[in-house]
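Down below is the structure, laid out as C-alpha coordinates.
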Amino acid sequence: MNQFTTVHDVTDIKQLLKDALTLKENPYSLQDLGKNKTLGLVFLNPSLRTRLSTQKAALNLGMNVMVMNMDKEGWALETQDGVVMNGSTVEHIREAAAVMGQYCDILGLRSFPKLINREEDYNEDFFSKFIKYCGVPVVSLESATRHPLQSLADLITIKETWKGEGKPKVVLAWAPHIKALPQAVPNSFAEWMCKAQEDGMVDFTIAQPKGYELNEDFTPGASITHDLNEALNGADYIYVKNWSSYKEYGKVLTYPDGWMLNNDKLKGTNDAKVMHCLPVRRDLELSSEILDGPNSLVIHEAGNRLWAAQAVLKQMLEKL
Ligand code: AN0
Ligand code: CP
(Lines give C-alpha, C1' and ligand atoms only; values in the text may rest on other atoms or scores of the structure.)
(Ligands and ions follow the chains in the order given, each with its own letter.)
Protein backbone atom coordinates (compact mmCIF):
# COMPACT_ATOMS: atom_id res chain seq x y z
CA MET A 1 0.00 0.00 0.00
CA ASN A 2 1.51 3.37 -0.90
CA GLN A 3 -1.32 5.58 0.37
CA PHE A 4 -4.07 5.12 2.96
CA THR A 5 -6.82 7.69 2.70
CA THR A 6 -9.92 5.57 1.92
CA VAL A 7 -11.09 1.95 1.86
CA HIS A 8 -10.42 2.11 -1.89
CA ASP A 9 -6.66 2.19 -1.17
CA VAL A 10 -6.93 -1.32 0.30
CA THR A 11 -6.62 -4.15 -2.19
CA ASP A 12 -7.54 -6.94 0.24
CA ILE A 13 -9.49 -5.97 3.39
CA LYS A 14 -9.47 -9.52 4.75
CA GLN A 15 -5.66 -9.63 4.51
CA LEU A 16 -5.39 -6.25 6.27
CA LEU A 17 -7.64 -7.54 9.09
CA LYS A 18 -5.51 -10.66 9.32
CA ASP A 19 -2.30 -8.57 9.50
CA ALA A 20 -3.83 -6.45 12.29
CA LEU A 21 -4.86 -9.47 14.36
CA THR A 22 -1.50 -11.19 13.80
CA LEU A 23 0.32 -8.06 14.97
CA LYS A 24 -1.97 -7.85 17.99
CA GLU A 25 -0.81 -11.38 18.92
CA ASN A 26 2.82 -10.53 18.32
CA PRO A 27 3.39 -6.74 18.31
CA TYR A 28 7.19 -6.74 18.13
CA SER A 29 7.68 -9.40 15.44
CA LEU A 30 8.55 -6.84 12.72
CA GLN A 31 10.94 -4.52 14.57
CA ASP A 32 13.40 -4.60 11.66
CA LEU A 33 10.85 -3.55 9.04
CA GLY A 34 10.85 0.09 10.14
CA LYS A 35 14.52 0.36 11.07
CA ASN A 36 15.96 3.73 9.96
CA LYS A 37 12.58 4.79 8.59
CA THR A 38 10.86 7.93 9.87
CA LEU A 39 7.15 8.62 10.26
CA GLY A 40 6.05 12.26 10.49
CA LEU A 41 2.64 12.97 12.03
CA VAL A 42 1.19 16.34 11.10
CA PHE A 43 -1.83 17.61 13.04
CA LEU A 44 -3.92 20.63 12.15
CA ASN A 45 -6.49 19.65 14.81
CA PRO A 46 -6.51 18.05 18.29
CA SER A 47 -6.12 14.31 18.83
CA LEU A 48 -5.61 11.80 21.63
CA ARG A 49 -6.12 8.33 20.16
CA THR A 50 -4.84 8.88 16.63
CA ARG A 51 -1.70 10.61 17.85
CA LEU A 52 -0.75 8.03 20.49
CA SER A 53 -1.86 4.85 18.71
CA THR A 54 -0.11 5.75 15.46
CA GLN A 55 3.10 6.71 17.29
CA LYS A 56 3.02 3.47 19.24
CA ALA A 57 2.31 1.46 16.08
CA ALA A 58 5.35 3.00 14.38
CA LEU A 59 7.57 2.36 17.42
CA ASN A 60 6.42 -1.29 17.51
CA LEU A 61 7.65 -1.59 13.90
CA GLY A 62 11.04 -0.07 14.79
CA MET A 63 10.37 3.31 13.12
CA ASN A 64 11.38 6.75 14.33
CA VAL A 65 8.50 9.18 14.82
CA MET A 66 8.24 12.97 14.70
CA VAL A 67 5.06 14.88 15.53
CA MET A 68 4.25 18.34 14.25
CA ASN A 69 1.32 20.25 15.75
CA MET A 70 1.01 22.43 12.70
CA ASP A 71 -1.93 24.44 14.04
CA LYS A 72 0.00 25.57 17.12
CA GLU A 73 3.67 25.27 16.25
CA GLY A 74 3.89 25.62 12.48
CA TRP A 75 3.74 28.66 10.22
CA ALA A 76 0.28 29.62 9.00
CA LEU A 77 -0.16 27.78 5.71
CA GLU A 78 -1.40 29.13 2.39
CA THR A 79 -3.16 26.55 0.24
CA GLN A 80 -4.42 28.64 -2.68
CA ASP A 81 -2.31 29.04 -5.78
CA GLY A 82 -1.81 32.34 -7.50
CA VAL A 83 -2.28 34.55 -4.45
CA VAL A 84 0.10 37.27 -3.33
CA MET A 85 0.91 36.22 0.22
CA ASN A 86 0.60 39.64 1.81
CA GLY A 87 -1.97 38.55 4.43
CA SER A 88 -1.70 36.28 7.48
CA THR A 89 -0.32 33.13 5.80
CA VAL A 90 3.45 32.74 6.03
CA GLU A 91 4.33 29.61 4.10
CA HIS A 92 2.78 27.88 1.09
CA ILE A 93 1.78 24.22 1.27
CA ARG A 94 3.93 23.65 -1.83
CA GLU A 95 7.09 24.30 0.21
CA ALA A 96 5.87 23.11 3.62
CA ALA A 97 4.74 19.67 2.39
CA ALA A 98 7.79 19.23 0.16
CA VAL A 99 10.12 20.01 3.07
CA MET A 100 8.38 17.54 5.40
CA GLY A 101 8.76 14.93 2.65
CA GLN A 102 12.53 15.51 2.80
CA TYR A 103 12.64 14.43 6.44
CA CYS A 104 10.13 11.57 6.46
CA ASP A 105 9.63 8.26 4.66
CA ILE A 106 5.89 8.24 5.44
CA LEU A 107 3.70 11.19 6.50
CA GLY A 108 0.41 11.14 8.42
CA LEU A 109 -1.95 14.09 8.15
CA ARG A 110 -5.00 15.24 10.14
CA SER A 111 -7.03 18.08 8.70
CA PHE A 112 -10.71 18.57 9.58
CA PRO A 113 -13.24 20.21 7.25
CA LYS A 114 -14.10 23.88 7.73
CA LEU A 115 -17.82 22.98 7.38
CA ILE A 116 -18.52 26.21 5.50
CA ASN A 117 -18.21 25.33 1.82
CA ARG A 118 -19.30 21.77 1.03
CA GLU A 119 -17.62 21.58 -2.33
CA GLU A 120 -14.31 22.79 -0.95
CA ASP A 121 -14.37 20.21 1.90
CA TYR A 122 -15.52 17.32 -0.29
CA ASN A 123 -12.85 18.12 -2.91
CA GLU A 124 -10.25 17.31 -0.23
CA ASP A 125 -8.24 20.17 -1.64
CA PHE A 126 -5.83 20.44 1.30
CA PHE A 127 -5.20 16.70 1.51
CA SER A 128 -4.66 16.30 -2.24
CA LYS A 129 -2.22 19.18 -2.31
CA PHE A 130 -0.31 17.82 0.67
CA ILE A 131 -0.06 14.39 -1.01
CA LYS A 132 1.01 15.93 -4.30
CA TYR A 133 3.74 18.16 -2.88
CA CYS A 134 5.19 16.01 -0.08
CA GLY A 135 6.25 13.27 -2.50
CA VAL A 136 6.14 10.40 0.04
CA PRO A 137 3.37 7.92 1.00
CA VAL A 138 0.61 9.50 3.13
CA VAL A 139 -1.64 7.95 5.74
CA SER A 140 -4.82 9.81 6.67
CA LEU A 141 -5.20 10.64 10.35
CA GLU A 142 -8.69 12.04 9.45
CA SER A 143 -9.36 14.22 6.47
CA ALA A 144 -12.30 16.51 5.69
CA THR A 145 -14.44 13.56 4.59
CA ARG A 146 -12.91 10.33 5.98
CA HIS A 147 -11.21 8.67 8.97
CA PRO A 148 -10.03 5.30 7.61
CA LEU A 149 -7.76 4.28 10.53
CA GLN A 150 -10.81 4.60 12.79
CA SER A 151 -13.00 2.56 10.43
CA LEU A 152 -10.38 -0.17 10.14
CA ALA A 153 -10.16 -0.37 13.96
CA ASP A 154 -13.98 -0.55 14.03
CA LEU A 155 -14.04 -3.43 11.57
CA ILE A 156 -11.30 -5.25 13.52
CA THR A 157 -13.40 -4.81 16.69
CA ILE A 158 -16.52 -6.26 15.06
CA LYS A 159 -14.60 -9.14 13.53
CA GLU A 160 -12.90 -10.20 16.74
CA THR A 161 -15.94 -9.85 19.01
CA TRP A 162 -18.64 -11.40 16.77
CA LYS A 163 -19.39 -14.89 18.04
CA GLY A 164 -22.92 -15.28 16.62
CA GLU A 165 -24.31 -17.29 13.73
CA GLY A 166 -24.09 -15.75 10.24
CA LYS A 167 -23.56 -12.03 9.71
CA PRO A 168 -24.01 -9.42 12.46
CA LYS A 169 -26.51 -6.59 11.98
CA VAL A 170 -24.52 -3.35 12.31
CA VAL A 171 -26.35 -0.04 12.80
CA LEU A 172 -24.80 3.40 12.43
CA ALA A 173 -26.96 5.60 14.69
CA TRP A 174 -26.87 9.40 14.63
CA ALA A 175 -26.63 10.97 18.10
CA PRO A 176 -27.20 14.50 19.44
CA HIS A 177 -24.42 17.08 19.98
CA ILE A 178 -24.28 20.81 20.60
CA LYS A 179 -21.56 21.52 18.05
CA ALA A 180 -21.31 21.03 14.31
CA LEU A 181 -19.09 17.96 13.83
CA PRO A 182 -17.63 16.62 10.58
CA GLN A 183 -19.20 13.79 8.58
CA ALA A 184 -15.75 12.15 8.27
CA VAL A 185 -16.24 9.39 10.86
CA PRO A 186 -19.75 8.31 9.73
CA ASN A 187 -18.84 8.64 6.01
CA SER A 188 -15.82 6.46 6.54
CA PHE A 189 -17.60 3.94 8.78
CA ALA A 190 -20.39 3.68 6.17
CA GLU A 191 -17.89 3.27 3.34
CA TRP A 192 -16.08 0.45 5.17
CA MET A 193 -19.29 -1.25 6.29
CA CYS A 194 -20.78 -1.10 2.78
CA LYS A 195 -17.60 -2.77 1.51
CA ALA A 196 -17.79 -5.37 4.31
CA GLN A 197 -21.46 -5.93 3.40
CA GLU A 198 -20.48 -6.48 -0.25
CA ASP A 199 -17.92 -9.03 0.97
CA GLY A 200 -20.65 -10.85 2.95
CA MET A 201 -19.26 -9.88 6.38
CA VAL A 202 -22.12 -7.72 7.83
CA ASP A 203 -25.65 -6.38 7.26
CA PHE A 204 -25.53 -2.61 7.45
CA THR A 205 -28.21 -0.05 8.41
CA ILE A 206 -27.99 3.71 8.98
CA ALA A 207 -30.48 5.64 11.14
CA GLN A 208 -30.55 9.44 11.22
CA PRO A 209 -33.17 12.16 11.71
CA LYS A 210 -34.51 13.91 8.59
CA GLY A 211 -31.95 16.30 7.13
CA TYR A 212 -28.94 14.35 8.41
CA GLU A 213 -28.64 11.92 5.45
CA LEU A 214 -25.02 11.32 4.45
CA ASN A 215 -23.65 11.82 0.94
CA GLU A 216 -24.87 8.77 -1.01
CA ASP A 217 -21.40 8.11 -2.44
CA PHE A 218 -20.47 6.70 0.98
CA THR A 219 -23.55 4.52 1.53
CA PRO A 220 -23.98 2.14 -1.46
CA GLY A 221 -26.17 -0.81 -0.47
CA ALA A 222 -26.92 0.41 3.09
CA SER A 223 -30.49 0.28 4.49
CA ILE A 224 -31.31 3.85 5.49
CA THR A 225 -34.11 4.93 7.84
CA HIS A 226 -35.31 7.87 9.94
CA ASP A 227 -36.70 5.47 12.55
CA LEU A 228 -34.10 4.66 15.22
CA ASN A 229 -36.18 1.97 16.97
CA GLU A 230 -36.85 0.19 13.67
CA ALA A 231 -33.10 0.22 12.92
CA LEU A 232 -32.20 -1.05 16.39
CA ASN A 233 -34.57 -4.01 16.13
CA GLY A 234 -32.36 -7.13 16.20
CA ALA A 235 -29.13 -5.10 16.05
CA ASP A 236 -25.87 -6.79 17.09
CA TYR A 237 -23.67 -3.66 16.96
CA ILE A 238 -24.68 -0.02 17.32
CA TYR A 239 -22.15 2.55 16.18
CA VAL A 240 -23.10 5.83 17.82
CA LYS A 241 -21.88 9.11 16.29
CA ASN A 242 -23.01 12.67 15.84
CA TRP A 243 -22.50 14.52 12.58
CA SER A 244 -23.69 17.84 11.20
CA SER A 245 -25.99 18.02 8.19
CA TYR A 246 -24.58 17.26 4.75
CA LYS A 247 -27.65 18.62 2.95
CA GLU A 248 -27.78 21.90 4.87
CA TYR A 249 -24.06 21.81 5.00
CA GLY A 250 -22.41 22.06 8.41
CA LYS A 251 -25.68 22.98 10.15
CA VAL A 252 -27.00 21.63 13.47
CA LEU A 253 -30.71 21.03 12.69
CA THR A 254 -33.57 20.46 15.08
CA TYR A 255 -34.45 16.79 15.62
CA PRO A 256 -37.14 14.83 17.47
CA ASP A 257 -36.52 13.55 21.03
CA GLY A 258 -35.21 10.06 21.62
CA TRP A 259 -31.96 9.96 19.65
CA MET A 260 -29.63 9.46 22.64
CA LEU A 261 -29.02 5.75 23.19
CA ASN A 262 -29.77 4.40 26.68
CA ASN A 263 -30.40 0.96 28.20
CA ASP A 264 -34.11 1.17 27.42
CA LYS A 265 -33.33 1.49 23.71
CA LEU A 266 -31.18 -1.65 23.84
CA LYS A 267 -34.25 -3.76 24.71
CA GLY A 268 -35.28 -4.41 21.08
CA THR A 269 -31.72 -5.34 20.07
CA ASN A 270 -29.86 -8.62 20.17
CA ASP A 271 -28.11 -7.48 23.36
CA ALA A 272 -26.20 -5.15 21.04
CA LYS A 273 -22.64 -4.06 21.64
CA VAL A 274 -22.22 -0.29 21.52
CA MET A 275 -19.34 1.44 19.77
CA HIS A 276 -18.15 5.06 19.52
CA CYS A 277 -14.90 6.41 18.07
CA LEU A 278 -14.39 8.78 21.07
CA PRO A 279 -14.14 11.47 22.29
CA VAL A 280 -17.75 11.23 23.49
CA ARG A 281 -19.84 13.73 25.45
CA ARG A 282 -21.50 11.73 28.23
CA ASP A 283 -25.28 11.95 28.54
CA LEU A 284 -25.47 14.21 25.50
CA GLU A 285 -24.32 11.86 22.73
CA LEU A 286 -24.40 8.61 24.67
CA SER A 287 -25.71 7.72 28.14
CA SER A 288 -23.30 7.01 31.02
CA GLU A 289 -25.27 3.86 31.82
CA ILE A 290 -24.25 2.41 28.45
CA LEU A 291 -20.67 3.72 28.56
CA ASP A 292 -20.16 2.24 32.02
CA GLY A 293 -22.17 -0.90 31.35
CA PRO A 294 -21.43 -4.36 29.93
CA ASN A 295 -22.51 -3.57 26.35
CA SER A 296 -19.92 -0.86 25.72
CA LEU A 297 -16.99 -1.69 23.43
CA VAL A 298 -15.54 1.82 23.30
CA ILE A 299 -12.29 1.16 25.19
CA HIS A 300 -11.62 -2.12 23.39
CA GLU A 301 -12.31 -0.29 20.12
CA ALA A 302 -9.87 2.53 20.97
CA GLY A 303 -7.30 -0.14 21.87
CA ASN A 304 -7.65 -1.57 18.39
CA ARG A 305 -6.59 1.74 16.85
CA LEU A 306 -3.05 0.56 17.56
CA TRP A 307 -3.37 -2.63 15.50
CA ALA A 308 -5.15 -0.84 12.69
CA ALA A 309 -2.30 1.68 12.43
CA GLN A 310 0.34 -1.02 12.77
CA ALA A 311 -1.17 -3.14 9.97
CA VAL A 312 -1.39 -0.13 7.65
CA LEU A 313 2.17 1.05 8.39
CA LYS A 314 3.43 -2.52 7.91
CA GLN A 315 1.89 -2.70 4.43
CA MET A 316 3.22 0.77 3.57
CA LEU A 317 6.75 -0.06 4.80
CA GLU A 318 6.72 -3.22 2.66
CA LYS A 319 6.22 -1.02 -0.42
CA LEU A 320 8.97 1.54 0.34
C1 AN0 B 1 -14.11 14.71 15.66
C2 AN0 B 1 -15.11 14.31 14.58
O3 AN0 B 1 -16.28 14.12 14.89
O4 AN0 B 1 -14.70 14.18 13.43
C5 AN0 B 1 -13.04 13.65 15.80
C6 AN0 B 1 -13.52 12.27 16.04
C7 AN0 B 1 -12.44 11.27 15.96
N8 AN0 B 1 -14.78 14.85 16.93
C9 AN0 B 1 -14.94 16.01 17.53
O10 AN0 B 1 -14.60 17.03 16.98
C11 AN0 B 1 -15.55 16.02 18.90
N1 CP C 1 -11.13 8.54 17.51
C2 CP C 1 -10.15 9.45 17.32
O3 CP C 1 -9.67 9.64 16.21
O4 CP C 1 -9.75 10.11 18.43
P5 CP C 1 -8.74 11.34 18.47
O6 CP C 1 -9.46 12.49 17.79
O7 CP C 1 -8.51 11.58 19.93
O8 CP C 1 -7.50 10.99 17.74
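Data table
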| quantity | calculated |
| --- | --- |
| Residue list for segment 22-49, restricted to those being among the basic types (Lys, Arg) and either within 16 Å of ligand 2 (Cβ to nearest atom) or part of a strand (DSSP E or B) (or both) | Arg49 |
| Boolean, Phe126 is out of contact with any Phe, Trp or Tyr (no Cβ under 7 Å at 6 or more places or on another chain), more than 30 Å from Asn233 (Cα to Cα), within 15 Å of ligand 2 (Cβ to nearest atom) and aromatic (Phe, Trp, Tyr) | no |
| Residue match in segment 230-240 (condition: within 16 Å of ligand 2 (Cβ to nearest atom), within 23 Å of His177 (Cβ to Cβ) and open to solvent by less than 80 Å² (accessible area, probe 1.4 Å)) | yes |
| Positions within segment 217-247 being under 18 Å from the mean Cα position of the chain (by Cα) and outside any loop (DSSP other than H, G, I, E, B), in sequence order | Asp217, Phe218, Tyr237, Ile238, Tyr239, Val240, Lys241 |
| Selected residue [closer than 18 Å to Ile106 by Cβ and of a type in the set (D, E, K, R)] from Asp81, Asp19 | Asp19 |
| Only listed residue being within 16 Å of ligand 1 (Cβ to nearest atom) and either surrounded by fewer than 13 Cβ atoms within 10 Å (Cβ to Cβ) or closer than 23 Å to Cys134 by Cβ (or both), chosen from Thr5, Thr38, Thr79, Thr89 | Thr5 |
| Count - residues of segment 294-312 that are hydrophobic (A, V, I, L, M, F, W, C) and touching a strand residue (DSSP E or B) at 6+ places or on another chain (Cβ under 7 Å) | 3 |
| Search result, residues across segment 248-292 that are in a loop (DSSP other than H, G, I, E, B), open to solvent by less than 90 Å² (accessible area, probe 1.4 Å) and within 16 Å of ligand 2 (Cβ to nearest atom) | His276, Cys277, Leu278, Val280, Glu285 |
| Qualifying residues in segment 51-76 (those that are more than 23 Å from Val99 (Cα to Cα) and within 16 Å of ligand 1 (Cβ to nearest atom)) - the one farthest from the chain's Cα centre (by Cα) | Leu52 |
| All positions within segment 50-70 that are within 12 Å of ligand 2 (Cβ to nearest atom) and either surrounded by fewer than 16 Cβ atoms within 10 Å (Cβ to Cβ) or over 24 Å from Gly135 (Cβ atoms) (or both) | Leu52, Ser53 |
| Only one of Ala153, Ala144 that is among the small types (Gly, Ala, Ser) and away from ligand 2 (no atom under 13 Å from the Cβ) | Ala144 |
| Among (1) under 14 Å from the mean Cα position of the chain (by Cα); (2) closer than 15 Å to Leu261 by Cβ - the single one Asn304 does not satisfy | (2) |
| Count of segment 93-129 residues which are of a type outside the set (A, V, I, L, M), touching a residue at least 12 places away in the same chain (Cβ under 8 Å) and within 13 Å of Gly40 (Cα to Cα) | 6 |
| Subset of segment 109-155 (residues that are at negative phi, more than 10 Å from the chain's Cα centre (by Cα) and within 14 Å of ligand 1 (Cβ to nearest atom)) | Arg110, Ser111, Phe112, Pro113, Lys114, Asp121, Ala144 |
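The values are calculated or read from the model by the stated rules, or taken from the named source; none is laboratory data. Note that this is a predicted model, so its numbers are computed, not measured. Glycine gets a Cβ as well: all are built from the backbone with ideal geometry, and neighbour counts include every protein chain shown. Note: accessible area is taken over every heavy atom of the protein model, side chains too, but ligands, DNA and RNA are not part of it. Shrake-Rupley method; radii C 1.70, N 1.55, O 1.52, S 1.80 Å.
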